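**Student:** This is the structure I have questions about; it appears just below.
The values are calculated or read from the model by the stated rules, or taken from the named source; none is laboratory data. Treat the numbers as computed from the prediction; the structure is a model and nothing was measured. No Cβ is skipped: glycine too gets one built from the backbone with ideal geometry, and neighbour counts run over all protein chains shown. Areas reflect the complete protein model, heavy atoms only, side chains present, ligands, DNA and RNA absent. Shrake-Rupley method; radii C 1.70, N 1.55, O 1.52, S 1.80 Å.
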Amino acid sequence: LRALPLRTSGRPRSLPAMSCGEGLGCVALCVAGYAWLFGHGQPASSADCREPDAARSGDAARSGDAAVGSGGAAVAGRSAEELLAEVGKRSKAVLYVVTNKAKDEFSLPNLTKYLRMKGVDVHTGATPEETVLVNAARLLELLDSSAADGVPRAAAGAPLRHELAQQAIPASELEALFPAMRDAYVQQPLDYGRNSRYGDKWRISCYLVVMDNWKPKIMPHEPMVECMTPTMNRCTEAFSRWYCRVHALASVEVHVMNAFVTRYRAVEEEDQLKKHIDGSNVDGSVILSLPTDDPFEGGGLRVWDGRPQKEFAYHMKPGDALFLDNAVWHQATPITAGTRWALVLFLRLRNKVAHGGLSAT
């Protein structure tokens with residue numbers, strides 16, 4: 001056979017002359033190739049110009065065998081269950097954040113919310129299964145890259161991601177402030193959502209700052225705002241100094257998402273806060289121990305941190321502050337008598353700047 005003209009990407013090309021046997025094979029290949037092109041509506045060269053997500057075929061998306069931008073290599077040939085197990089090996093805290101209540105499968109809303117919070121592009125697939133697979137793979141890449149960048153990981157001697165700062169606020173100042181704070185306190189029931197173990201049962205806090213998207217919406221209690229805002233601001237400044245030291249940063253912007261005064265009493269559903277982390281969108285937290293006029297028994301604070309993980313127990317005095325990095329497990333243990341008070345801040349961190357002026361975000 002003589003050379004056969006073949007058009008790809010608008011440019012004519014030729015196949016070299018070949019034997020009859022080779023020619024018959026080439027004809028069959030060309031026929032099959034053109035049938036594929038006409039059946040799919042556009043040439044393969046056009047698909048190369050599309051975004052990677054758009055170029056993925058539906059069958060490959062459902063099976064997870066083809067790469068889709070970031071996360072494609074990790075998802076190839078793997079099930080959601082396998083990816084979930086890999087997340088658990090890297091971080092139990094992150095696993096808790098991105099899964100359902102039973103912690104046995106990914107929660108798509110929780111998974112995508114966590115990725116967006118970390119600045120990762122979220123993939124929207126042709127099916128929910130594809131969306132979970134690709135985004136789970138991107139989560140694994142995020143965890144692996146964080147470990148490579150020096151975030152504490154499963155290595156002996158890894159730095160702790162919490163710290164108890166004794167007398168972060170002088171106890172004498174808080175003692176003087178206590179009567180006004182106690183008088184300003186009112187219980188404001190808050191619905192933490194169906195993915196929280198507390199749901200709509202959290203009723204022991206009075207709010208200075210409230211996130212915009214809480215439903216039903218509650219407003220900051222103005223007397224508590226006036227009383228405790230200066231203390232809240234000093235806590236955020238102290239947290240910023242600690243965070244910059246731990247993460248070797250020159251500066252970081254600290255924004256308060258939620259701030260509230262919590263009162264623990266020795267009654268059911270008001271005596272403790274069970275082991276938990278503070279949410280996928282919380283970058284850091286502060287717990288400031290406040291004075292009381294009704295001495296309490298029990299009511300310690302426990303933290304699980306380090307690699308390998310260890311349990312730390314603290315009996316905080318008024319003015320002591322506990323600084324927590326994101327996704328650090330902790331617990332307020334039950335009190336058996338009296339009344340315990342604490343100021344709690346949930347923080348969002350932005351514009352992290354490393355030494356030398358480089359962005360670390």
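**Student:** For residues that are hydrophobic (A, V, I, L, M, F, W, C), part of a loop (DSSP other than H, G, I, E, B) and in contact (Cβ under 8 Å) with a residue 60 or more places away in the chain, scanning just the range 266-296, find the one that is nearest to E311 (Cα to Cα).
**Tutor:** Step by step, filter the range 266-296, then rank; the result is I277.
**Student:** Follow-up question, since we're still on this one. Scan the range 308-361 for residues that are open to solvent by 30 Å² or more (accessible area, probe 1.4 Å) and of a type in the set (V, I, T) and jot them down.
**Tutor:** T336, V353, T361
**Student:** Related question: Do you know which residues across the range 101-118 are touching a residue at least 60 places away in the same chain (Cβ under 8 Å), open to solvent by less than 70 Å² (accessible area, probe 1.4 Å) and part of a loop (DSSP other than H, G, I, E, B)?
**Tutor:** S107
**Student:** Ok, one more. Step by step: first the residues of the range 131-154, then only those that are in a helix (DSSP H, G or I) and at pLDDT below 75, then the one that is most open to solvent (accessible area, probe 1.4 Å). Which residue is that?
**Tutor:** It comes out as A148.
**Student:** Continuing with the same structure: Among the residues of the range 234-243, are any over 19 Å from A321 (Cα atoms) and either in a helix (DSSP H, G or I) or in contact with a strand residue (DSSP E or B) (Cβ under 8 Å, 6 or more places away or on another chain) (or both)?
**Tutor:** no
**Student:** Inspect the range 282-297 for any residue being over 29 Å from A180 (Cα atoms), buried (at least 16 other Cβ atoms within 10 Å of the Cβ) and not aliphatic (A, V, I, L, M) and give the result as yes or no.
**Tutor:** Looking for residues that are over 29 Å from A180 (Cα atoms), buried (at least 16 other Cβ atoms within 10 Å of the Cβ) and not aliphatic (A, V, I, L, M), one finds at least one in the range 282-297, hence yes.
**Student:** Looking only at the range 297-333, count how many residues are touching a helix residue (DSSP H, G or I) at 6+ places or on another chain (Cβ under 6 Å) and in a loop (DSSP other than H, G, I, E, B).
**Tutor:** Residues that pass the stated criteria total 3.
**Student:** Within the group I169, I218, which residue is farther than 25 Å from T99 by Cβ, at pLDDT below 95 and in contact with a Leu (Cβ under 8 Å, 6 or more places away or on another chain)?
**Tutor:** Going through I169, I218 in turn, just one is farther than 25 Å from T99 by Cβ, at pLDDT below 95 and in contact with a Leu (Cβ under 8 Å, 6 or more places away or on another chain): I218.
**Student:** Kindly establish whether V353 is modelled with pLDDT of 95 or more and β-branched (V, I, T).
**Tutor:** In short, no.
**Student:** Moving to a separate point now. May I ask you to verify whether N351 is of a type outside the set (G, A, S), touching an Asp or Glu at 6+ places or on another chain (Cβ under 9 Å) and on the phi > 0 side of the Ramachandran plot?
**Tutor:** Taking the combined requirement at face value, the residue satisfies it.
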